[in-house]
Each structure stands twice: as structure tokens, then as C-alpha cells.
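**Q** Can you keep this structure in mind? I'll have questions shortly.
Every number in this text was worked out from the coordinates using simple rules, so none of it is lab data. Model, not experiment: these values are computed from the prediction. Cβ sites come from the backbone with ideal geometry, for glycine too, and all protein chains shown count toward neighbours.
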Amino acid sequence: MGAARKKRVQTISDLQLARRRVGLNFIDLQEQFRRYKTEIMEEVQKVLESAQFIMGPAVAELEKALASHTGVKHAIGCASGTDALVLGLLAHGIKPGDEVIVPDFTFFATAEVVAFLGAVPVFVDVDEETFNIDVRLIERHITKRTKGIIPVSLFGQCADLDEINALAASHSLWVMEDAAQSYGASYKGRKSGSITQIAATSFFPAKPLGCYGDGGAFFTNDDGIARCVRELLNHGQSERYKHSRLGINGRLDTLQAAILVVKLRHFDDEMRAKRRVASVYQEKLKGCVKVPRVRAHNESVWAQFTVRSSKRDSIVGYLKEKNIPTAIHYPIPLHAQEVFSAIRLRDDDFPVSTRVSNEVLSLPMHPFLPDADADLICRAVIEACK
Ligand SMILES: Cc1ncc(COP(=O)(O)O)c(C=O)c1O
């Protein structure tokens, strides 16, 4: 161990790291706040002075800006991405015993909302290159009880939405894109959130468009569904104190909306900067780990830069020694989660999600990551692979 440490002190990444005064961040929300502080404080102050904390004007202002940015008729602020998904299921009247198809490799919430409402999440393995649901495997999971499909546009890249829409239409199913990680991504020139009948996104702080707490949005071009979701997220009220259905308190906080109004102004510049970081990673790491592939018709917003390696655990350990933060998205596929053990699913039926969950590793990714730091991270990964 002592000898190994001595050898490592002489690596180029150690020398580069020694020159840095501050540590590297996985996502740099502090730098982002420093840059937009004046604008954010101005908008927050307006809310505080107006005292319109619930459904204040900033919510409508944000919804208008989101709809225009996404190219969709209705963008509806919600309390979280999870609530936005729940609202989509409620709007479609999902009930116990119904089945909903979801990818096996995603954040837990995608399936949680289905099971929480008493319906059955039906897991489908994912594509080796994109980590998104494997369209070729969906049809064999459709039964008489299937009501809809929730494709997730994971790590910032849209799933194969045209193919999924066509398949769903041929079986009279609805499609809700889980766009929690793909706000702003493009698919064949259209924006994530605008391609399926309904879609849900998250403004969790670390997301491509993040607020300073919990938040989310629901998207649709359908006027009837939009009206229904607006009622559902406000206790099922059609008018004040007139409750036409059972709903939830799923409203977006006005302070969060005000913060998002500012962040949205800078969003496209941030995405350009992230794409530059991604191209540095892709170029420098391609010989040593499996770098993510973005389909030709997709533009990713790089919610995560997730590589694959059979040496994943030793790379994580090596980077940790150098104070380079990493994350594992996700270590356990959904079929293997304890809460779903009653469904009795086997790893063998999900070979790709089982394999990738053992190999994935996400690297620091944010718009303020200097080229020199991206270079340093690459050097450390390359050293770890040797
Ligand atoms: C794919 C996916 N779906 C749903 C969610 C839930 O979003 P939220 O944390 O805003 O409830 C997340 C966020 O973590 C996510 O990554």
C-alpha cells in the first residue's frame, strides 16, 4: 500500500491536483448561484414582498416560459417530478391491477408511482448503448391489463420515443415520458417533454434545470388532460372550495418558480458548456472506459456523464483517493429492489440492466467545469484503468 501510494504521488493528475486550492465538485451549484445571485435575489425578493407564496405570478410566468422553451401547449408547475408522474397516472385513471411498462434501469420513482397507486410496474430491460428502455422488448410485455408506457429519457438523452409512440398507438396505450433527467434535450429536432401525449420533468437541484428545493412540471398538448391535471394538483378543485375529484397538493412553490425563471434564462448557455465538457470526456476516455453513445438524432443535456467499466470499483476507489467525486447511477436495477421481491423476477431476465448496474460510474459534470479540470479527471481515470 505504501509503495503504491508513493508511485501515485508522482502521477500527472496528482501534480495537477496539488496545484488546485479547492476540491472538485460533482455538480457546482455554488458557482451557479454566485454567477446568477443578483438576478435570483431580485426575483426572490419580489415574491417575499408580494407574499404570494402559493400560485403567485412567478408560477404562471415560469409555465409560459417552459411551454415556449419546450414547444408544448401546456406546461404545468408541480411540487416535484414524482408528483408530476403521479398526476399523469391519476389523469389517466390508473387503478389497482392495471399494468404500466417501465424500464428496469432508472431512478426508483418511475416505478414507485405506479406501485404506489396499486398498479403493477412491468419492467423491461434496457438498451446497452443508451441505457434507455429497449423498444424491441416492449411488445412481449403487453397484456390485456397494460394501460400505458413510461419511457425514461435517462442521463439526458431521449428514449426511442417515435417507435414507442407507434407501438403504444397500435395497442391503444398512453405514453408518458419520464423527462426528469432530460429537460431541454432534443429528439429529431423536437424537445423532450413535447413528443409523447404527456410528460413529467423534475427540478430537483441537481437536474439539468434545478431549483433550490423540490419542483417539477407536467407537459401536454391536450387541453382536457391539462385542465384535469390543474385540478388534480390543487385538491381536485374546479373552483375554490368546489372539489370535482380527489386530488393532491402537488403545486409548485412560488419561490421555486421565481428561481427557475432566472435559471431558465441561462439554461441554453449552460447546456452548450456541458456539451463541451462531454466532448472532452468522450475524446479522452474512449480508449479506457466505455463512453456514452448519443444517437445521431438526439442532443443530450448530460444530466449525467456515465461511463462503464468492468474495473468500476477500483476506478471509484482511485478517484476517491484523489478527492474526485463520482456517483453510481444506479447500483440496483428495479427488478432486484427489495420492495418488488414479491414479483419474483430473476437477474437472468434482465441481463443488460444487471450488467450495467455493476459497471456504471458517473463523473463530475456541470457547465462550470474548466477544461483543465475535465482533463485532470480524464487523466485520473486513465491512470486508474492501467
Ligand atoms: C428518472 C427520474 N424519475 C423521477 C424522478 C423524481 O423526481 P423528483 O425527485 O423531483 O421527485 C427523478 C429524480 O430524481 C428521476 O431521475
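**Q** At most 13 other Cβ atoms within 10 Å and a DSSP loop assignment: could you name the chymotrypsin sites (Phe, Trp or Tyr not before Pro) in the stretch 260-306 that fit?
**A** Here no loop site has a sparse enough neighbourhood.
**Q** Sort by residue number and report every cysteine in the chain with no other cysteine beta carbon within a distance under 4.7 Å.
**A** C78, C158, C211, C228, C378
**Q** What is the magnitude of the charge dipole of the chain about its Cα centre, with +1 placed on the Cβ of each Lys and Arg, -1 on the Cβ of each Asp and Glu, and no other charges, expressed in debye to the nearest 20?
**A** 1040 debye
**Q** Of K188/K284; K191/K263; K95/K242, which pairs sit farther than 20 Å apart, going by alpha carbon to alpha carbon?
**A** K188/K284; K95/K242
**Q** Per 10 Å bin, what is the whole-percent P(r) computed from every C-alpha pair distance within the stretch 135-233?
**A** Percent of Cα pairs in each bin: 16, 44, 33, 8, 0.
**Q** Could you tally the net charge around L233, taking each other residue with its Cβ under 13 Å from the Cβ of L233, Lys/Arg +1 and Asp/Glu -1?
**A** 0
**Q** Separate question: Once amide H atoms are built 1.01 Å from N in the peptide plane, which residues 5 or more positions from V120, or in another chain, come under 5 Å H to H?
**A** G97, D98, E99, V100
**Q** Extending each Cα 7 Å along its Cβ direction at E139 and D162, get the distance between those two points in nm, one decimal.
**A** 1.8 nm
**Q** Another question, then. With viscosity set to 0.890 mPa s and temperature to 25 °C, compute the Stokes-Einstein D of the stretch 41-127, Rh being the Kirkwood radius across alpha carbon pairs; µm²/s, no decimals.
**A** Answer, rounded: 159 µm²/s.
**Q** Oh, and also: All other residues with a Cβ under 15 Å from the Cβ of A185 taken together, and with Lys, Arg as +1 and Asp, Glu as -1, what is their net charge?
**A** +2
**Q** Express the C-alpha Rg of the stretch 202-242 as a ratio against the empirical globular expectation 2.2 N^0.38 Å, rounded to two decimals.
**A** After normalising by residue count via 2.2 N^0.38 Å, the value is 1.46.
**Q** Quick one: helix 371-385 against the long Cα principal axis of the chain, what's the angle to the nearest 10°, folded into 0 to 90?
**A** The answer is roughly 70 degrees.
**Q** Kindly write out, for the stretch 237-254 in residue order, the coupling ³J(HN,Hα) from the Karplus curve 6.51 cos²θ - 1.76 cosθ + 1.60 (θ = phi - 60°), rounded to whole Hz, with x marking Gly and Pro.
**A** With the stated coefficients, the stretch 237-254 comes to 7, 8, 9, 4, 6, 10, 9, 8, 7, 8, x, 9, 9, x, 7, 6, 5, 4 Hz.
**Q** Moving on to the next point. Would you calculate, for the chain, the mean residue ellipticity at 222 nm contributed by helices, counting each DSSP H stretch of 4 or more residues as -39,500 (n - 2.57) and dividing by all residues, to the nearest 500?
**A** Value at 222 nm, helices only: -13000 deg cm²/dmol.
**Q** Place +1 on the Cβ of every Lys and Arg and -1 on the Cβ of every Asp and Glu in the chain, take the dipole about the Cα centre, and give the residue among A109, A119, I343 whose Cα lies farthest towards its positive end.
**A** A109
**Q** Could you give the spread of the C-alpha atoms of the stretch 176-329 along their three principal axes, from largest to smallest, in whole angstroms?
**A** 61, 35, 30
**Q** What is the Å³ per residue value for the convex hull set by the Cα atoms of the stretch 254-302? Don't skip to the end; give the middle numbers.
**A** Working: hull volume 4.9 nm³, N = 49.
Value for the stretch 254-302: 100 Å³ per residue.
**Q** Mind pulling the per residue volume of the convex hull built on the Cα atoms of the stretch 69-185? Å³ is fine.
**A** Hull volume over Cα atoms, normalised by residue count, gives 104 Å³.
**Q** Using a Cα-Cα cut-off of under 16 Å, which lysines could be cross-linked to K320, ignoring same-chain neighbours fewer than 8 residues away?
**A** Of all the lysines, those that pass the test against K320 - Cα under 16 Å, at least 8 places apart if same chain - are K311.
**Q** Relative to the first principal axis of the alpha-carbon coordinates of the chain, what is the inclination of helix 223-232, with its axis defined by its Cα atoms, in degrees from 0 to 90 and to the nearest 10?
**A** Taking Cα atoms only, the helix is inclined about 80 degrees.
**Q** Tell me, how many Å apart are the Cα centres for the stretch 297-347 and for the stretch 209-245?
**A** Result: 33 Å between the Cα centres.
**Q** If Lys and Arg each add +1 and Asp and Glu each add -1, what is the summed charge of the other residues whose beta carbon sits under 11 Å from the beta carbon of Y212?
**A** On the way: positive: K263; negative: D214, D253.
Net charge around Y212: -1.
**Q** Roughly what angle does helix 312-321 make with the longest principal axis of the chain, taking Cα atoms, 0 to 90 degrees, to the nearest 10?
**A** It is inclined by approximately 70 degrees.
**Q** Please work out the ratio of the alpha-carbon Rg of the chain to 2.2 N^0.38 Å and round it to two decimals.
**A** It is 1.02.
**Q** With θ set to phi - 60° and the Karplus curve 6.51 cos²θ - 1.76 cosθ + 1.60, what are the ³J(HN,Hα) couplings of the stretch 83-99 in order, to the nearest whole Hz, using x for Gly and Pro?
**A** Couplings: 4, 4, 5, 4, 4, x, 5, 5, 4, 8, x, 4, 9, x, x, 5, 10 Hz.
**Q** With θ taken as phi - 60° and the coefficients 6.51, -1.76 and 1.60, list the Karplus ³J(HN,Hα) couplings across the stretch 273-282 in order, rounded to whole Hz; mark glycine and proline as x.
**A** 5, 5, 5, 5, 4, 4, 6, 5, 4, 4
**Q** How do H266, H329, H243 rank when sorted from fewest to most other Cβ atoms within 10 Å of their own Cβ?
**A** The order, fewest Cβ neighbours first, is H243, H266, H329.
**Q** Measuring from centroid to centroid over Cα atoms, what is the spacing of the stretch 167-202 and the stretch 55-69 in Å?
**A** The distance from the Cα centre of the stretch 167-202 to that of the stretch 55-69 comes to 20 Å.
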